[in-house]
Amino acid sequence: MIARRLTGLLVVCALVGCASTARPLKHKQIERLQLADVPVPQLFDFQKQDSYIYNQSFRSCEMVYHGPGWLRTQKILDFYTSAMPAAAWQFVRGEGVGTRTLIFRKGDEECLVFARPMRDDETVELVIQLRPRA
């Protein structure tokens, strides 16, 4: 009886573990500070000490995330180019070399997405800035 329950538990654990391994740049459900309408790719860790959020009469924030260096900046930007319109954000323009920036608008807000390799080449920094539209 106990062996049967343990076997069942191991099967459930294996399935849960398998379900958590997904493609690198799928949207990640994060149990920490994240904007509900701005997706964050999997494999990125929130950098609380470098981030802030203000959410009173308007939203303003800078959310910083670090991901593995093998993820190239262009792949991250491609993720946002497809994921942001799905969250009702309109693409405005992209700019920059090295540090690449994408700009999106939604209502009276503007969202800037910056992606750049860090100096150690083992980390990619992702910065999401949200502010009222000028």
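The values are calculated or read from the model by the stated rules, or taken from the named source; none is laboratory data. Only a predicted model underlies this, so the values are computations on that prediction, with no experimental measurement involved. Reconstructed Cβ throughout: ideal geometry from the backbone, glycine too, with neighbour counts over all protein chains shown.
Observations
- Residues (assigned to a loop (DSSP other than H, G, I, E, B) and exposed (fewer than 13 other Cβ atoms within 10 Å of the Cβ)) located in region 33-49: Leu33, Ala36
- Verdict on Val64 being modelled with pLDDT of 95 or more, touching an Asp or Glu at 6+ places or on another chain (Cβ under 6 Å) and part of a strand (DSSP E or B): yes
- Only a single criterion out of (1) more than 17 Å from Ala36 (Cα to Cα); (2) of a type outside the set (Asp, Glu); (3) out of contact with any Ser or Thr (no Cβ under 6 Å at 6 or more places or on another chain) is not satisfied by Ala83, namely (1).
- Test: Thr101 is in contact with a Gly (Cβ under 7 Å, 6 or more places away or on another chain), of a type in the set (S, T, N, Q) and closer than 20 Å to Asp37 by Cα: yes
- Among the criteria (1) surrounded by 13 or more Cβ atoms within 10 Å (Cβ to Cβ); (2) within 14 Å of Gln129 (Cα to Cα), the one Tyr52 does not fulfil is (1).
Here is a yes/no grid of residues against (1) of a type outside the set (Val, Ile, Thr); (2) surrounded by 16 or more Cβ atoms within 10 Å (Cβ to Cβ); (3) modelled with pLDDT under 95; (4) more than 15 Å from the chain's Cα centre (by Cα):
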site	(1), (2), (3), (4)
Leu77	yes, yes, yes, no
Arg93	yes, no, yes, yes
Gly96	yes, no, yes, yes
Lys106	yes, yes, no, yes
Cys111	yes, yes, no, no
Asp120	yes, no, yes, yes
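- Only a single item in (1) among the aliphatic types (A, V, I, L, M); (2) farther than 18 Å from Cys111 by Cβ; (3) exposed (fewer than 13 other Cβ atoms within 10 Å of the Cβ); (4) touching a residue at least 12 places away in the same chain (Cβ under 8 Å) is not met by Ala88, and it is number (2).
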